[in-house]
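So the structure is just underneath, and the comments pick up after that.
Only the coordinates and a few stated rules stand behind these numbers; no lab work does. Because the structure is predicted, anything quoted here is derived from the model rather than measured. Positions of Cβ are backbone-derived with ideal geometry, glycine not excepted, and every protein chain shown enters the neighbour counts.
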Amino acid sequence: MRGTLFIVAAPSGAGKSSIVNACLARDPGIALSISFTSRNPRPGERHAEHYHFIGKDEFRQMIEAGDFFEYALVHGDWKGTARQSVEPQLAAGRDVLLEIDWQGARQVREKVPDAVSVFILPPSRAALDQRMRKRGQDSEAVMAQRLAAAREEMSHYDEFDYVIVNEDFDTAVAEMCSIFVASRLRREAQAVRHDGLIRALLED
């Protein structure tokens, strides 16, 4: 049985990674795909754990070689998901989760129409601004750029199957986990997973 592909997107500062990591700790049946990026690591980020950090030239070479499942230019830097991180695992029946932006999500839905997509919103613009500033990693000019980009990103929330408002972290995590569980219980998936049982129950 083919695995389910989950897509999670959010504006910077909405708490996406924290929610995803908490859900993955509860649900080891989902594999997180580590994205590639051409930007430099931020303080505390580690290669192959948070991102695969590569140069722009190497990223372009991977694009030309067709190595990416999806990719996009985000805030002036390239981000993408390698095919090898997704396709073999789905084919083997493993669920895979992608943390990507709305541009990448749009590309993925074209390739995998039955992917389950989730968009995370902050509870307010003020909360988003506060969360961004709490990181203390960016200048005022970069902050202004990120806030403007966040407004653009949030305008695409209606392209996703589910929307979570991250006002209370524990609630947001529970809601995300419930989406994972509900997706596995869809009729189509259950009909394949329990084919023998269903046939036995319905036979004369």
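Okay, here's what the table says:
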{"item": "Residue order, fewest to most beta carbons within 10 Å, for Thr37, Thr171", "result": "Thr171, Thr37"}
{"item": "Cα shape, region 1-116, gyration tensor, a/c 1.5 rule", "result": "oblate"}
{"item": "Computed helical MRE - 222 nm, the chain, DSSP H runs ≥ 4 contributing -39500 (n - 2.57), nearest 500", "result": "-13500 deg cm²/dmol"}
{"item": "Percent of beta bridges antiparallel (DSSP, the chain, rounded to nearest 5)", "result": "30"}
{"item": "Cα shape, region 5-198, gyration tensor, a/c 1.5 rule", "result": "oblate"}
{"item": "Residue among Asp57, Asp129, Asp101 with the largest mean-square fluctuation in a Gaussian network model of the chain, springs linking Cα atoms under 10 Å", "result": "Asp57"}
{"item": "Whichever lysines have a C-alpha closer than 30 Å to that of Lys134, once near sequence neighbours (fewer than 8 apart) are set aside", "result": "Lys16, Lys56, Lys79"}
{"item": "Packing-based exposure ordering (other Cβ within 10 Å, fewest first) of Lys16, Lys56", "result": "Lys56, Lys16"}
{"item": "Within the chain: Cβ-based charge dipole about Cα centre, in debye rounded to nearest 20 (Lys, Arg +1; Asp, Glu -1)", "result": "340"}
